[in-house]
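Here's the structure, in structure tokens; my notes come after.
The values are calculated or read from the model by the stated rules, or taken from the named source; none is laboratory data. From a predicted model like this one, the values you see are computed outputs, not experimental measurements. In this analysis, Cβ positions are derived from the backbone assuming ideal geometry, glycine residues included, and neighbour counts consider all displayed protein chains. Note: areas computed on protein heavy atoms with side chains; ligands, DNA, RNA excluded. Shrake-Rupley method; radii C 1.70, N 1.55, O 1.52, S 1.80 Å.
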Amino acid sequence: MRDLVITRTERRRSAPPGWPVRLALVALVGLAVAIVWFTNAFLTERFTETTRNRAEVRLALYSGNLVSELRRNAIVPQLLARDPALIAALNSSDYSQSTQRLMGFVDEIGAASLMLLDREARAVAATNRNRLGSTHRSEPYFVEALRSSGTVFTSLPREEGGYRFTYSRRIDGLSGALGVIVVEVDLAKFERAWAGISDAVLVTDSEGTIILSTEPRWRGLTEAGALEREPPMTAIARALQEAVDWATIPADAYLEGQAVMRMETRIPFRGWRMASFTTYASVRDQVNAVLALEIMGFAILLAGAFYLLNRKTAVRMALFQRESAELRDLNARLQREIAERERMQQTLAVAEQSLAQSSKLAVLGEMSAAVSHELNQPLAAMKTYLAGARLLLQRNRPDEALTAFHRIDGLIERMGAITRQLKSYASKGAEQLAPVDLAEALTSALSMMEPQLRERQVRINRVLPEGPVTVMGDRVRIEQVMVNLIRNAFDAVKSVASPEIDIILARGETAVLTVRDNGDGIEDLDALFEPFYTTKQPGEGVGLGLAISSGIVTDLGGRLTARNATGGGAVFEMQLPVLAEETRAAE
């Protein structure tokens, strides 16, 4: 019974809204449409009037600037026609300074160019030197200036497009007309200035011909002909344009498919007129911005109403969706965990079986590489001594050959000590330590390296203290470290023109052996003492020398460091604890 009551209550709560609510929503939508329509009509008329007033102000400003420029240049021919220097040049036919004088005037006047014509219409002076010597007998500004006693204004079309505007005046002398002064007015600068705004501006003369325009293709046409040159709009395009322009009043004209308003004013100069075409884009943007705010406000009200009506249903649906998503995620996570456990159980047995074998192979590989590296030096020395002994026996010098055999015997003992040392790695700490003089160990190490040092002229600088430097350690292993350091320094100076190795042995609180070379230095100091790290070519080294040496020095209670020298090259330092005097006496 209780479940039935709850079900009926939920049904009543989730029942659709009644007719009053629906009527209220319809009334709200109707009110929104009416307000948007009224706002559109009111703001369109207001913003259009504002845009029209601004266009009229701009047109008046453009007209005033154009008239000011024309009047300012109109007085120039009258002044230059009375210039004594120009009159004297025309009388004497000496025009050497006339062009320079006109150039001085054009900067002050601001005209486009100045030109002085003699009575034969030949350009004898001009700010544009390309015109010097040209003849202008048939040009209107020359013919009309000779016929008139005042200043003559002419506008002529250019070959490259546009119009040329000039003021000309006759220059009279005692014997009559001497020539004509021509002032060209730069009205194209107004076209460039007008082109920087959104309006299209044109100026027509008294015959209705467009002489100035922000649209170059309009020059020389009438206004009607210019508008006819615009591509005609199809019926579909016109319908789409009217749909877009629903926020504007009827357009005065269409330019490039856009609705524009046309403004016209009269220029108080020779019957000229100026017209501008302003787009409705700014009006449309302003009106649409306000309409967008209103529509957004009504949309928010409608969304709030729908939210209040459907809030309970939305909450219930969100709860069901969240629970369903959580259950799906939980199920997927459980399936992934079960699959992961099964894979781990399958691979665990294989991993356990291969782990022991991999460890054995790794240890065997490291031991093999270490034996190959450490026995390489004695074997190379033995080969050299054997070759020397054979040569000495051939020369019947057995005593010296016997010395070489003694050295070979010492190298064999050293190789045995190395193999015994490698065997003792498994039982670390079983080696026997004894006092070792580092000076004697260094001499022995250099003797072992003597055949290799003899192949190349490498300068060895040794600095040794006067007394012995005694440490507690294994002499064979210490010599092994010294040989590795000297061998690395020898390899580092292979590409140096003047190879040099400094070996310094010092005694203080600790015994310090420094080996420095003048090679290229070390690129990666961090990985230098790692096993199998080497900068040599394949086959020249396995990268175990410094790793083994670092381990030996650490086992003896010292440390092995490396750094790059300031002037170039690398520096290796081996520091070992010095054997105290009383300890050495007890030994």
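Things to note:
- Checking each residue in the range 210-222 for being among the β-branched types (V, I, T) and either surrounded by fewer than 17 Cβ atoms within 10 Å (Cβ to Cβ) or not in a strand (DSSP E or B) (or both) picks out T214, T222.
- Enumeration of residues in the range 55-92 that are more than 25 Å from D186 (Cβ to Cβ) and without any contact (Cβ under 8 Å) to a residue 12 or more places away in the chain: P84, A88, S92
- Residue match in the range 149-172 (condition: in a helix (DSSP H, G or I) and either of a type in the set (S, T, N, Q) or within 30 Å of E215 (Cβ to Cβ) (or both)): no
- All positions within the range 148-168 that are among the hydroxyl-bearing types (S, T, Y) and either modelled with pLDDT of 90 or more or closer than 20 Å to G110 by Cα (or both): T151, T154, S155, Y163, T166, Y167, S168
- All positions within the range 96-132 that are without any contact (Cβ under 8 Å) to a residue 12 or more places away in the chain and either in contact with a helix residue (DSSP H, G or I) (Cβ under 7 Å, 6 or more places away or on another chain) or among the hydroxyl-bearing types (S, T, Y) (or both): S96
- Restricted to the range 173-208, and to residues there that are among the small types (G, A, S) and part of a strand (DSSP E or B), the residue that is farthest from E139 (Cα to Cα) is A200.
- Apart from one condition, Y141 fits all of (1) under 28 Å from A275 (Cα atoms); (2) open to solvent by 40 Å² or more (accessible area, probe 1.4 Å); (3) in contact (Cβ under 8 Å) with a residue 24 or more places away in the chain; the exception is (2).
- Checking T135 against (1) in contact (Cβ under 8 Å) with a residue 12 or more places away in the chain; (2) under 55 Å from the mean Cα position of the chain (by Cα), the condition it does not meet: (2)
- Qualifying residue in the range 22-39 (condition: assigned to a helix (DSSP H, G or I), open to solvent by 50 Å² or more (accessible area, probe 1.4 Å) and modelled with pLDDT under 75): yes
- A single entry from T209, T214 fulfils the requirement of being without any contact (Cβ under 8 Å) to a residue 24 or more places away in the chain and within 40 Å of the chain's Cα centre (by Cα): T214.
- Residue within the range 560-570 that is modelled with pLDDT under 80 and open to solvent by 70 Å² or more (accessible area, probe 1.4 Å) present: yes
- Unmet requirement for I418, which otherwise passes all of (1) closer than 30 Å to G557 by Cβ; (2) β-branched (V, I, T); (3) modelled with pLDDT of 80 or more; (4) open to solvent by less than 20 Å² (accessible area, probe 1.4 Å): (3)
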